[in-house]
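Visitor: Can you keep this structure in mind? I'll have questions shortly.
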Amino acid sequence: MPEELPPLGKRERARAAYQGLTPNLRGALWMLASAIAFTAMTSMIKLLGSNYDAALQTFYRSAAGLVVLLPMILRDVKGAFRTTRLGILLFRSGAGTVAMILSFYAFQVLPLAEANALSFTRTLWLVPLAFFVLRESLGVWRIGAALVGFAGVCVMLAPGFTNGGHGFGLGQFAALGSAALFAMTITGMKVMTRDHSPFVLLVYAAVLGVAFSIPPALFVWAWPTPVDFVLLCVMGVLGIVTQGCYIKGMQIGDAAAMAPIDYTRLVFTAFVGFVVFAEVPTWTTLLGAAIVVVSTLVITWREQRAGKLERDMKERELDLPAN
C-alpha cells in the first residue's frame, strides 16, 4: 500500500487555499489588506496629530520606508541609484514630500471620511496631466467623468448647499493640493518607467523623501516620548505595508476589478471616524464621495479598456504575415 502523506498544517492549508483562488480574488485580498493598513495609518496620524506636526510625521513615515529598503539597497548600491534623469527624480520626490505633508495635515484636521474621499481626486487630476505631460488623447468619456468628479467635490465643499456644508478651508485645500501633487508624481512615474526599474524609483523616493522632509521637520521638531516614538515608527511601517499590498494586489489582479475594492477605504475610515473620533459624515460628504468614486471608476474602466484594445491591435500586427 502507498505510504500515507502526513496531514497538512494550518499554514500549508491556508497557502493551498490561497493558491486555489482566482487571480482577482487573491488580488482582492491584498487590496483589502492595503485598505485596512491605510485606515490604521490615518487613524494614528489623527491620534498623534495634536502633538506632532504633519511635517514631522512625514519625516518618520519617510525614514521608516528607507529603513525597510536599506537591506535591498546595500545588496547593489550602484544599481539602486543608476539613473539618467536626476532632475525629474528630484522634482518627483519634492512634489511627493509636499503632497505627503499636505495629506497628513488634511487627515489631522478633517473628518477621516472627508479627507479620504478628497484624496481619491488624484485620479481626476491625472486626466489633464495625461494630456499636457504625456500627450495622451482625451476622449469624451474621460473628460466627462473628470468634470462630473470635480462636481462631486463641489457638492462636498459647497458651504451653502445644505446646513451640513462647511466650505473650503485649509484642510480641504491641503487635501486637494495633495491629490494634485500625487497625480504629478504618478505622471512622473509613468515617464520614468520607460527606462527605469520600479525599484530604482522606489529607492530615490525613499532617500530623497527623507532628505526633503528633514528641513520642514526641524522647524516643528518635538522629541517624542518612548511610546509615541514607537507609534510614529509603526505609522511609518503601516505606510509601507499599505503601498506594498496595493502594488501586489494590482500586480496579481485585473486593474479594473481591483479599483473598486480600493474604495473600501471610505467605508473603513468612516467607521473608524464614527467609533473612535465620534465623526458623523454629512449627507453632502457621502453624496459627493459617491460621485467622485463613480467618476474615477469610469476613468479607470475606460483606460483599462483602451489599454486592452491597444494591446490587441499590437498582437494582431505581430501576427500579420510579412509582405
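The values are calculated or read from the model by the stated rules, or taken from the named source; none is laboratory data. Bear in mind that the values here come from a model prediction, so they are computed numbers and not experimental data. Reconstructed Cβ throughout: ideal geometry from the backbone, glycine too, with neighbour counts over all protein chains shown. Each accessible area value is taken on the protein alone, full model and side chains, heavy atoms only, with ligands, DNA and RNA left out. Shrake-Rupley method; radii C 1.70, N 1.55, O 1.52, S 1.80 Å.
Visitor: As an exercise: evaluate L231 against (1) within 20 Å of the chain's Cα centre (by Cα); (2) open to solvent by less than 80 Å² (accessible area, probe 1.4 Å); (3) under 20 Å from S34 (Cα atoms) and give the number of the one condition it does not meet.
Guide: Of the numbered conditions (1) within 20 Å of the chain's Cα centre (by Cα); (2) open to solvent by less than 80 Å² (accessible area, probe 1.4 Å); (3) under 20 Å from S34 (Cα atoms), the odd one out for L231 is (1).
Visitor: Now for a different question. Report, by residue number, each residue of the range 43-57 that is closer than 22 Å to F268 by Cβ and part of a helix (DSSP H, G or I).
Guide: Those that are closer than 22 Å to F268 by Cβ and part of a helix (DSSP H, G or I): S43, M44, I45, K46, L47, L48, A54, Q57.
Visitor: Out of L29, L102, L112, which single residue is in contact with a helix residue (DSSP H, G or I) (Cβ under 8 Å, 6 or more places away or on another chain), more than 25 Å from G288 (Cα to Cα) and not small (G, A, S)?
Guide: Of the residues listed, the single one that is in contact with a helix residue (DSSP H, G or I) (Cβ under 8 Å, 6 or more places away or on another chain), more than 25 Å from G288 (Cα to Cα) and not small (G, A, S) is L29.
Visitor: Among the numbered criteria (1) part of a loop (DSSP other than H, G, I, E, B); (2) in contact with an Asp or Glu (Cβ under 9 Å, 6 or more places away or on another chain), which single criterion is violated by G249?
Guide: If we test G249 against (1) part of a loop (DSSP other than H, G, I, E, B); (2) in contact with an Asp or Glu (Cβ under 9 Å, 6 or more places away or on another chain), just (1) comes out false.
Visitor: Follow-up question, since we're still on this one. Return yes when I240 is in contact (Cβ under 8 Å) with a residue 40 or more places away in the chain, among the aliphatic types (A, V, I, L, M), surrounded by fewer than 21 Cβ atoms within 10 Å (Cβ to Cβ) and closer than 30 Å to V77 by Cβ and no when it is not.
Guide: Yes.
Visitor: Turning to a different aspect of this structure: Name the pairs: first residue in the range 95-113 and among the hydroxyl-bearing types (S, T, Y), second residue open to solvent by 20 Å² or more (accessible area, probe 1.4 Å), Cβ to Cβ under 8 Å, at least 6 apart or on different chains?
Guide: T97/L208; T97/F212; S103/S119; S103/F182; Y105/L170
Visitor: Now for a separate question. Any residue in the range 66-76 that is under 24 Å from T296 (Cβ atoms), surrounded by fewer than 23 Cβ atoms within 10 Å (Cβ to Cβ) and modelled with pLDDT of 90 or more?
Guide: Within the range 66-76, none of the residues are under 24 Å from T296 (Cβ atoms), surrounded by fewer than 23 Cβ atoms within 10 Å (Cβ to Cβ) and modelled with pLDDT of 90 or more.
Visitor: Return the residues of the range 115-141 that are open to solvent by 10 Å² or more (accessible area, probe 1.4 Å), in contact (Cβ under 8 Å) with a residue 40 or more places away in the chain and farther than 19 Å from M189 by Cβ; say none if nothing qualifies.
Guide: G139, W141
Visitor: Another one. Considering only the range 105-135, state which residues are in contact with a Ser or Thr (Cβ under 6 Å, 6 or more places away or on another chain) and over 16 Å from A151 (Cα atoms).
Guide: Residues satisfying the conditions are F107, L112, A113, N116, L129, V133.
Visitor: Now a separate question. Taking V275, is it buried (at least 18 other Cβ atoms within 10 Å of the Cβ), over 25 Å from F91 (Cβ atoms) and of a type outside the set (S, T, N, Q)?
Guide: Answer is no for this residue.
Visitor: Please pick out the residue among A54, A35, A80 that is closer than 18 Å to D228 by Cα, buried (at least 18 other Cβ atoms within 10 Å of the Cβ) and among the hydrophobic types (A, V, I, L, M, F, W, C).
Guide: A54
Visitor: On to the next question. Test P198 against the criterion of being at pLDDT 90 or above and out of contact with any strand residue (DSSP E or B) (no Cβ under 7 Å at 6 or more places or on another chain), and give yes or no.
Guide: For P198, the condition - at pLDDT 90 or above and out of contact with any strand residue (DSSP E or B) (no Cβ under 7 Å at 6 or more places or on another chain) - is not met.
Visitor: Suppose we filter L89, L70, L56 for residues that are of a type outside the set (S, T, Y) and free of Cβ contacts under 8 Å to residues at least 12 places away in the same chain; which single one remains?
Guide: Of L89, L70, L56, the one residue that is of a type outside the set (S, T, Y) and free of Cβ contacts under 8 Å to residues at least 12 places away in the same chain is L70.
Results for (1) closer than 25 Å to F150 by Cα; (2) assigned to a loop (DSSP other than H, G, I, E, B); (3) modelled with pLDDT of 85 or more, shown as yes or no for each residue.
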position	(1), (2), (3)
D228	no, no, yes
G239	no, no, yes
Q243	no, no, no
I261	yes, no, no
F274	no, no, yes
V280	yes, yes, yes
M313	no, no, no
R316	no, no, no
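Visitor: Let me ask another. Considering only residues of the range 170-198 that are in contact (Cβ under 8 Å) with a residue 40 or more places away in the chain and more than 17 Å from the chain's Cα centre (by Cα), which is most open to solvent (accessible area, probe 1.4 Å)?
Guide: Out of the qualifying residues, it is L170.
Visitor: Turning to a different aspect of this structure: What number of residues within the range 13-65 are among the basic types (K, R) and closer than 28 Å to S178 by Cβ?
Guide: Final tally of qualifying residues: 2.
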